[in-house]
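Engineer: Structure in structure tokens, see below.
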Amino acid sequence: MTTAAIIVAAGRGQRAGGGVPKQWRALAARRVADWTIDRFEGLVDHLVLVLAEEDTAAWEEFSATGLILAPGGTDRAGSVRNGLQALRAHSVEKVLIHDVARPCVSAQVIGDVLAALDTHTAAAPGLAVTDALWTGDGSVVTGTQDRSGLYAAQTPQGFHYGAITAAHASHPGGAADDVEVARAAGIDVAIIPGDADNLKITRPEDFERAERIMGKDMDVRLGNGYDVHRFGDGDHVILCGVKVPHTRGLQGHSDADVGMHAVTDAIYGALAQGDIGQHFPPSDPQWKGAASEIFLRHAVELAGQLGYAISNVDCTLVCEFPKIGPHADAMRAEMARIMGLRTDQVSVKATTSERLGFTGRSEGIASIATACLVKS
Ligand code: MG
């Protein structure tokens, strides 16, 4: 049976804070939407991402992936209809409809909903309400409510494609979710067990809770890198991708970017994948004078291939001269650009060694770096 999931990510919800729609806010080193999309990868045949027209950067980014993109509607139901429409040529039999703001949904819940669709036209996860329920006027309790038979609704909500498409086409609008749309069309919806960890990010504190839930099975890796290059003739040095005028140059087989080499080795280290010398042997003439960007890009690509996202890197340059401070922000921006990170994930700082040792005698520059990678 051909299966699909529609992830509705066109909302403008900013109750969660941060000044941008919650699906684009960072959650444990990635964006909420990235986590949510990942949850469905490999579990369904087609994945539709419904995006607001104005999220142009997201359109550009995700059009390069295998996802099917659909434009948001004027309300949530309109977005779902556009998502269903985007699947019309794919002979889909089972479709799951999921809120992008539920990034902690488990493979178990997704699998359970799909399995329930073998025997039901519609199925959705629900959690039986166990807390006592009150009514209140905002400050005092005005009554109690019988909780028996009450469920908290979750997503993904699953349907036979033809049935939910027809139900949406005939619904007058204003439904809270797709289960309500299905029921209005006379479709029985089976309840399958929900998961307390499948929370919907709504308020600022929900980010912290979602990170705690993800942390239960999060694979975090640290790596360090250390590099030294000696001074020689020249009128500039390249440090963390930035050309800095100086009375001397740095010697090396490549462009001798000691900072970028340390960061690159920190990433290789976190992956337990050797070091720059192993991937780009100095004995190979093709790397002579090479821009170190090539090495850093390779390490970042390798991290991606092995399933890791870079959470942050921190690089310290050790030298008396040139002065790093005036160039540090440009260095951060350049390395962030190469690594595809935000500048707040990249730190570049410097220290002298109090005129002690080889760096103190200005015989060369040393650099140490740390990288933190998170399994995505
Ligand atoms: Mg080096």
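Quick note: the coordinates plus some simple rules give every number you see, no bench work behind them. It should be emphasised that the depicted structure is a prediction, and the values quoted were computed from it without experimental measurement. Counting neighbours? That spans all protein chains shown, and the Cβs are built from the backbone with ideal geometry, glycine included.
Engineer: If you filter region 155-233 for trypsin sites (Lys or Arg not before Pro), then keep DSSP loop positions with at most 15 other Cβ within 10 Å, what is left?
Structural biologist: On the way: sites: Arg183, Lys200, Arg209, Arg212, Lys216, Arg221, Arg230; in loops: Lys200, Lys216.
Sites meeting the loop and neighbour criteria: Lys216.
Engineer: Which entries of Lys243/Lys349; Lys22/Lys94; Lys22/Lys375; Lys200/Lys375; Lys94/Lys200 show an alpha-carbon separation above 26 angstrom in the structure shown?
Structural biologist: Lys22/Lys94
Engineer: So if each residue of separation counts as 0.36 nm, and I subtract the Cα-Cα distance between Asp38 and Ser148, what length gain in nm does that give?
Structural biologist: Contour length minus the Cα-Cα distance gives 36.1 nm.
Engineer: Provide the FRET efficiency to the nearest 0.05 for the Ser106-Ala330 pair, computing r from the beta carbons and using R0 = 51 Å.
Structural biologist: Working: r = 43 Å, r/R0 = 0.85.
For R0 = 51 Å, the calculated efficiency reads 0.75.
Engineer: Let me ask another. Using the basic label-point model (7 angstrom from Cα toward the beta carbon), what is the His236 to Ser376 distance in nanometres?
Structural biologist: Going by the 7 Å Cα→Cβ label model, 3.3 nm.
Engineer: Using label points projected 7 Å from each Cα along Cα→Cβ, tell me how many nm separate Leu127 and Ser63, to one decimal.
Structural biologist: Those two pseudo-labels are separated by 3.9 nm.
Engineer: Taking R0 as 41 Å, what's the FRET efficiency between Arg212 and Thr247 from their Cβ-Cβ distance, rounded to 0.05?
Structural biologist: The formula returns an efficiency of 0.20 here.
Engineer: Which whole-angstrom value gives the distance between the alpha carbon centres of region 165-210 and region 244-304?
Structural biologist: After rounding, the separation between the Cα centres reads 50 Å.
Engineer: Sticking with this one: Once you order the gyration tensor axes a ≥ b ≥ c over the Cα atoms, which shape class does region 26-72 get: rounded for a/c under 1.5, otherwise prolate or oblate by comparing a/b with b/c?
Structural biologist: Values: a/c = 1.94, a/b = 1.10, b/c = 1.77.
The shape class here is oblate.
Engineer: Does region 292-376 come out rounded, prolate or oblate, given a ≥ b ≥ c as the square roots of the eigenvalues of its C-alpha gyration tensor, rounded meaning a/c under 1.5 and, failing that, prolate meaning a/b above b/c?
Structural biologist: prolate
Engineer: Given charges of +1 on the Cβ of Lys and Arg and -1 on the Cβ of Asp and Glu, with all other atoms neutral, how large is the dipole of region 244-376 about its Cα centre, in debye to the nearest 20?
Structural biologist: Roughly 160 debye for region 244-376.
Engineer: Based on DSSP loop calls and a cut-off of at most 16 other Cβ atoms within 10 Å, the longest stretch of the chain free of exposed GluC sites (Glu not before Pro) is what?
Structural biologist: Working: sites that count: Glu41, Glu53, Glu54, Glu93, Glu320, Glu354, Glu363.
Free of exposed loop sites, the longest segment is 94-319.
Engineer: Using a ≥ b ≥ c from the Cα gyration tensor of the chain (square roots of the eigenvalues), is it rounded, prolate or oblate, where a/c under 1.5 gives rounded and otherwise the larger of a/b and b/c decides, a/b for prolate?
Structural biologist: prolate
Engineer: Just how far, in whole angstrom, is region 111-162 from region 47-64 if you go by their alpha carbon centroids?
Structural biologist: 30
Engineer: Under the 0.36 nm per residue contour assumption, what length would be gained going from the current alpha-carbon distance of Thr351 and Ala190 to full extension? Don't jump to the answer; show the numbers that get you there.
Structural biologist: On the way: separation 161, 0.36 × 161 = 57.96 nm, distance 6.33 nm.
Value of the extension gain: 51.6 nm.
Engineer: Please report, in debye to the nearest 20, how large the charge dipole of the chain is about its Cα centre when each Lys and Arg carries +1 at its beta carbon and each Asp and Glu carries -1 there.
Structural biologist: Numbers: 33 positive and 46 negative charges, 89 e Å.
Dipole of the chain, to the nearest 20 debye: 420 debye.
Engineer: Could you work out how much longer the chain between Thr202 and Arg88 gets when fully extended? Use 0.36 nm per residue separation minus the Cα distance between them, nm to one decimal.
Structural biologist: Extra length from Thr202 to Arg88 when fully extended: 37.9 nm.
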